[in-house]
Amino acid sequence: MTSISSSLYFHMRTTMKSLKTLLVAILIGYSSMSVADGHGHPIFTPMEPKSMSGAFTKFVKAQSAFWQNGPFEPKIMYLMSLSAAAGMKCEYCIIATTGMAKKAGATDEEIKGAVMAAGIMALNSTMLYGNQFDLDKLKKMFSQ
């Protein structure tokens, strides 16, 4: 890579990182707000089919309460969500859940750990599935 292309690459990556940070800030702001006019969620309501009669919007708005009052502290809920998002390869979810996890106090090391857990699970699943490991044998190995 030439010094010009290296410099251009660096600036493009820096710009993309800044744009992603801005998007996360916007998503966090939207996910934690309720729309005063009662028309729903600013991101998801416009995507919801009218035939759903607002049911999806109501569910989306209830998610915040689940993360805040669920069975685990919010930081752990967001880290679990990040791990799932990484496993699903959902770029939108990764951006949003990383931002929410950081807002809830997650460290960079905890974020790396959540992503690594997703990778380890994917690798193990691929190895077991690809080698057609006997499912009943695995169930017996992990029974109590």
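Taken over the range 74-93, the criterion of being farther than 14 Å from residue 116 by Cβ and either touching a His at 6+ places or on another chain (Cβ under 9 Å) or surrounded by 13 or more Cβ atoms within 10 Å (Cβ to Cβ) (or both) is satisfied by 74, 75, 76, 77, 78, 81, 90, 93. Taking the range 65-144 as the region of interest, the helices (runs of 4 or more DSSP H) fully inside it that hold 2 or more residues being touching a residue at least 24 places away in the same chain (Cβ under 8 Å) are 74-88, 91-103, 108-130.
Of the residues screened, residue 41 is one that is at pLDDT below 95 and surrounded by 18 or more Cβ atoms within 10 Å (Cβ to Cβ). Would it be correct to say that residue 59 is of a type in the set (Phe, Trp, Tyr), surrounded by 13 or more Cβ atoms within 10 Å (Cβ to Cβ) and modelled with pLDDT of 55 or more? Spelling it out, residue 59 is indeed of a type in the set (Phe, Trp, Tyr), surrounded by 13 or more Cβ atoms within 10 Å (Cβ to Cβ) and modelled with pLDDT of 55 or more.
The values are calculated or read from the model by the stated rules, or taken from the named source; none is laboratory data. This one's a predicted model, so the numbers in the text were calculated from it and none came from an experiment. Cβ: placed from backbone, ideal geometry, glycine included. Neighbour counts: every protein chain shown.
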